[in-house]
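So the structure is just underneath, and the comments pick up after that.
The values are calculated or read from the model by the stated rules, or taken from the named source; none is laboratory data. Computed from a predicted model, the values in this text were never measured in an experiment. Note: ideal-geometry Cβ built from the backbone for every residue, glycine included; neighbour counts use all protein chains shown.
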Amino acid sequence: MRASACVAGIHLGAHRTVRLATPNPTLQQLDGIGGLIPGSLVTVDWTADAAPRPPHVEDGHWVPGTLQKTGQLDEDGLLALLDRDSFRGVVQAFGEPVNWGSSGNASYSPGQGSRSLATVRCTDVELAVWPDRVRVNFIDRDGRRWRAVPLQDLAVKRHRVMCKACARQFEQTLRREFEGPGRLLRVGLAREWNGGCWLQVNAIFLGKRNHFVPFTAPR
Ligand SMILES: [Zn+2]
């Protein structure tokens, strides 16, 4: 089976958040254009789904052969863009969760909601690093504390399995770049699983991303 990835971004012309939902992007396709990180600028032939199932209202069809990388925003430029439409907290973005998992993470009702991707302002970020996963604990600007939220950052996942430097000091590097007083988080609601759409963190922006940039071959 081909490894797939979730790819979403901001349509700069229409000023809306969009996801490359159908077909599901593969890692090979992303490698083919040199990999993507937050702030990558792309062009792609994309059409919104006529009747997306909430909360995944950002879904659309795309034509794989048309995906091209055209540039890269630096982190300050990306933060300025994201901050314009940021929320002061998870509840403002998605509403109150309907359920909580045993780990402490929050979930939402499938079939409801007005978005599944958002930028949230935060005051503090800390990580729980396990052998096979990373969980994020954070406090948003509303003062709400969110626990054990899975980190679904593609560059981080690939470094963990492909990067020689990360084989020696993954956790230290991760904490250096993604822990501390917060700025912005990209958060999302996953596809329905185990009865709910679970909160996840797609990217952490503290202005310190240096190591976790894409690469397409072992180094
Ligand atoms: Zn690495």
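Is it true that residue 143 is at positive phi and modelled with pLDDT under 90?
Working: at positive phi: yes; modelled with pLDDT under 90: no.
No: the conditions fail for residue 143.
Which condition from (1) under 26 Å from residue 159 (Cβ atoms); (2) in a strand (DSSP E or B) is the one that residue 61 breaks?
(1)
Where the second residue is of a type in the set (A, V, I, L, M, F, W, C) and within 12 Å of the ligand (Cβ to nearest atom) and the first is more than 21 Å from residue 207 (Cα to Cα) and in a helix (DSSP H, G or I) and lies in the range 161-183, which pairs have Cβ atoms under 8 Å and are six or more apart or on separate chains?
Every condition considered, the pairs that remain are 162/215.
Within the range 204-213, is even one residue within 16 Å of the ligand (Cβ to nearest atom), crowded, with 20+ Cβ neighbours inside 10 Å, outside any loop (DSSP other than H, G, I, E, B) and in contact (Cβ under 8 Å) with a residue 60 or more places away in the chain?
Scanning the range 204-213 turns up at least one residue that is within 16 Å of the ligand (Cβ to nearest atom), crowded, with 20+ Cβ neighbours inside 10 Å, outside any loop (DSSP other than H, G, I, E, B) and in contact (Cβ under 8 Å) with a residue 60 or more places away in the chain.
Quick check on the range 144-160: of everything there that is farther than 12 Å from residue 126 by Cβ and free of Cβ contacts under 8 Å to residues at least 24 places away in the same chain, which residue is surrounded by the fewest Cβ atoms within 10 Å (Cβ to Cβ)? Show your work before the answer.
Quick first cut of the range 144-160, residues farther than 12 Å from residue 126 by Cβ only: 144, 150, 152-160.
After this cut, where a residue has to be free of Cβ contacts under 8 Å to residues at least 24 places away in the same chain as well, the list is 157, 160.
Details: 157: 17, 160: 19.
Filtering the range 144-160 for residues that are farther than 12 Å from residue 126 by Cβ and free of Cβ contacts under 8 Å to residues at least 24 places away in the same chain, the one surrounded by the fewest Cβ atoms within 10 Å (Cβ to Cβ) comes out as 157.
Within the range 179-190, is even one residue farther than 22 Å from residue 124 by Cα and out of contact with any Ser or Thr (no Cβ under 6 Å at 6 or more places or on another chain)? Lay out the reasoning, then the answer.
Filtering the range 179-190 for residues farther than 22 Å from residue 124 by Cα gives 190.
Checking which are out of contact with any Ser or Thr (no Cβ under 6 Å at 6 or more places or on another chain) leaves us with 190.
For the range 179-190, residues farther than 22 Å from residue 124 by Cα and out of contact with any Ser or Thr (no Cβ under 6 Å at 6 or more places or on another chain): present.
Report, by residue number, each residue of the range 16-35 that is in a loop (DSSP other than H, G, I, E, B) and in contact (Cβ under 8 Å) with a residue 60 or more places away in the chain.
If we filter the range 16-35 for residues that are in a loop (DSSP other than H, G, I, E, B), which is where we start, we get 23-25, 33-35.
Selection gives 34, 35.
Could you figure out which of (1) surrounded by 13 or more Cβ atoms within 10 Å (Cβ to Cβ); (2) part of a loop (DSSP other than H, G, I, E, B) isn't true of residue 50?
(1)
Looking at (1) in contact with a Gly (Cβ under 8 Å, 6 or more places away or on another chain); (2) exposed (fewer than 13 other Cβ atoms within 10 Å of the Cβ), find the lone condition where residue 193 falls short.
Of the numbered conditions (1) in contact with a Gly (Cβ under 8 Å, 6 or more places away or on another chain); (2) exposed (fewer than 13 other Cβ atoms within 10 Å of the Cβ), the odd one out for residue 193 is (1).
Do you know which residues across the range 146-158 are of a type in the set (D, E, K, R) and within 13 Å of the ligand (Cβ to nearest atom)?
Step one: list which residues in the range 146-158 are of a type in the set (D, E, K, R), which gives 147, 153, 157-158.
Scanning the range 146-158 gives 153, 157, 158.
Write out, first by first residue and then by second, each pair whose Cβ atoms fall under 6 Å of each other, whose residues are 6+ apart or on separate chains, and whose first residue, in the range 36-47, is exposed (fewer than 14 other Cβ atoms within 10 Å of the Cβ) while the second is part of a loop (DSSP other than H, G, I, E, B).
Close Cβ pairs (under 6 Å, with a partner that is part of a loop (DSSP other than H, G, I, E, B)) amount to 45/63.
Of everything in the range 159-202 that's within 16 Å of the ligand (Cβ to nearest atom) and of a type in the set (Gly, Ala, Ser), which residue is nearest to residue 112 (Cα to Cα)?
Looking at the filtered set, the residue picked out is 167.
Give the range 5-52 a look and list any residue that's touching a Leu at 6+ places or on another chain (Cβ under 7 Å) and small (Gly, Ala, Ser), or say none.
5, 8, 39
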